[in-house]
Structure formats: C-alpha cells, structure tokens
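What follows is a short report on a single structure.
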Amino acid sequence: MQLVIGKSVSNVFPLSFHPQSSHKTFKIKRFLAKKQKQNRPIPQWIRMKTGNKIRYNSKRRHWRRTKLGL
C-alpha cells in the first residue's frame with residue numbers, strides 16, 4: 001500500500017468510487033438485492049444433467065473488479 005502525503009481524497013480514489021450510503025431508497029435496495037441473488041454459481045445438479053453444456057456462471061461478478069455502475 002502506498003502512503004499518500006499532501007494529496008486530497010479525490011486524487012486517491014478513482015472517479016468511479018461512490019461509497020454506499022446507509023440510507024438507501026427502496027429502489028436502490030431492491031436493485032442491490034437482485035444483483036446479490038444473481039451473483040452465485042450454478043447448482044451442481046444442473047452441471048450433472050445429461051448433455052449439459054453449462055459449466056459455470058459466466059455472469060459472476062467480483063465486488064472489487066466489476067462495479068455495478070450505480
């Protein structure tokens with residue numbers, strides 16, 4: 001980790017950094033809940049089905065690498 005001296009906070013964080021507030025609107029909360037439910041691996045029984053081509057969830061999202069764009 002780099003130590004930044006004499007810099008403002010806006011220079012330290014990237015432009016797409018938006019901290020999540022503790023007071024969310026219901027619309028935002030519902031959006032985040034849906035994204036959280038979508039972000040899971042596929043069940044094993046789907047993988048074991050005969051003639052199945054799906055091996056993994058290609059739309060998985062890592063919280064640090066890919067942001068939601070809120």
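Nothing in this text is a laboratory measurement; each read-out follows from the coordinates by a stated rule. Note that the structure is predicted; figures quoted are calculated from it, not measured.
Candidate cross-link partners of Lys24 among the lysines, defined by an alpha-carbon separation under 20 Å and a same-chain spacing of 8 or more, comprise Lys34, Lys35, Lys37, Lys67. Full extension of the chain between Ile46 and Arg65 gives 4.1 nm of extra length, using 0.36 nm per residue less the Cα-Cα distance.
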